[in-house]
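J.: Take this structure, written in structure tokens, and hold onto it; I'll ask about it next.
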Amino acid sequence: MLHVKDPIGANLDRPLAGEDFRAAERFLYTEARLLDAENYTGWIALVDEDIRYWMPGMETRRRDDKRGPYAYGEMAYFDDTYAELKVRVARYNEPSAWADNPATRHAHIITNIEAYETNDPTLVAVFSCFTNVRNRNEKDQDVIHGRREDVLRRHGAGFRLALRRIFTVHNVLLSKNLNTFL
């Protein structure tokens, strides 16, 4: 069999199966539930301290443009380390976070989950699609669609998030803010 390797380290000819796949899937669903409940302290506990949480701005380019729709080092909505994510979580818990008072209602919908072995037995690569619906007050609603490429690190009986790459289908986000984790 031809060995296929994805840029985030997934061995695409070695899918996770059985309980390992269910544990990776359960991780994503637990994460979505915590984010929907605005339990950011619980969510950050699922994040590895060496994380890179990256969401580039997508550019509309011709198919023959070798640069592609995004690149590291160019515009990004998020390019966060663990320390930066902790600052964002702490901000949500402050009374001065007026942009989230009253609370924003969230629904994180996760689908199309695929999980693969990597060459490092402590890491697995997970691909998924998401829809993030946010609603505030009577009329403010945002819907963000996209896909994610994650690397999860085995941690006890579960996982911790070590890398997240977020690719939206939108080249311009029309949201008033990005007070969310995707």
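Read the figures in this text as sums done on the coordinates, not as results from a lab. Values in this document were obtained by computation on a predicted structure and should not be read as measured data. All Cβ positions, glycine included, derive from the backbone under ideal geometry; neighbour counts span all protein chains shown.
J.: What translational diffusion coefficient, in µm²/s and rounded to a whole number, does the Stokes-Einstein relation yield for the range 9-89 at 10 °C and a viscosity of 1.306 mPa s, taking the hydrodynamic radius as the Kirkwood radius over Cα pairs?
T.: Translational D for this selection: 102 µm²/s.
J.: Also: Go through the range 30-42 residue by residue and turn each phi into a ³J(HN,Hα) via Karplus (6.51, -1.76, 1.60, θ = phi - 60°); whole Hz please, and just put x for glycine and proline.
T.: Ordered by residue, 3J(HN,Hα) equals 5, 4, 4, 4, 4, 5, 4, 7, 6, 8, 6, 5, x Hz.
J.: What do you get for the angle between helix 82-92 and the principal long axis of the chain? Use alpha-carbon atoms, 0 to 90 degrees, nearest ten.
T.: So the inclination is approximately 30 degrees.
J.: Here is a follow-up. What's the magnitude of the charge dipole for the range 104-154 around its Cα centre, counting Lys and Arg as +1 and Asp and Glu as -1 at the beta-carbon? Answer in Debye, nearest 20.
T.: Values: 8 positive and 8 negative charges, 50 e Å.
The dipole magnitude comes to about 240 debye.
J.: Which value at 222 nm does the chain reach when only helices count, each DSSP H run of 4 or more adding -39,500 (n - 2.57), with the total divided by all residues and rounded to the nearest 500 deg cm²/dmol?
T.: -6000 deg cm²/dmol
J.: Have a look at ALA107, ALA157, ALA24 and tell me which one the Gaussian network model of the chain (Cα, springs below 10 Å) gives the largest fluctuation.
T.: Greatest mean-square fluctuation among the candidates belongs to ALA157.
J.: Mind giving me the nanometre distance, one decimal, between the label points for GLU19 and ILE109, set 7 Å out from Cα along Cα→Cβ?
T.: 3.3 nm
J.: Please order SER175, SER96 by the number of other Cβ within 10 Å, starting at the fewest.
T.: Sorted ascending by nearby Cβ count, the order is SER96, SER175.
J.: Mind checking Rg over Rh on the range 18-168, alpha carbons, Kirkwood formula for Rh?
T.: In the range 18-168, Rg relative to Rh is 0.98.
J.: Of the DSSP beta bridges with both residues in the range 49-182, give the percent that are antiparallel, rounding to the nearest 5.
T.: Of the beta bridges lying entirely in the range 49-182, close to 95 percent run antiparallel.
J.: In addition: Could you list TYR29, TYR92, TYR40 so that the one with the fewest beta carbons within 10 Å of its beta carbon is first and the one with the most is last?
T.: Final ranking by Cβ density, sparse to dense: TYR29, TYR92, TYR40.
J.: Same structure again: Just GLY146, GLY57, GLY73 to compare: in a GNM of the chain, with alpha carbon springs under 10 Å, which one fluctuates most?
T.: GLY73
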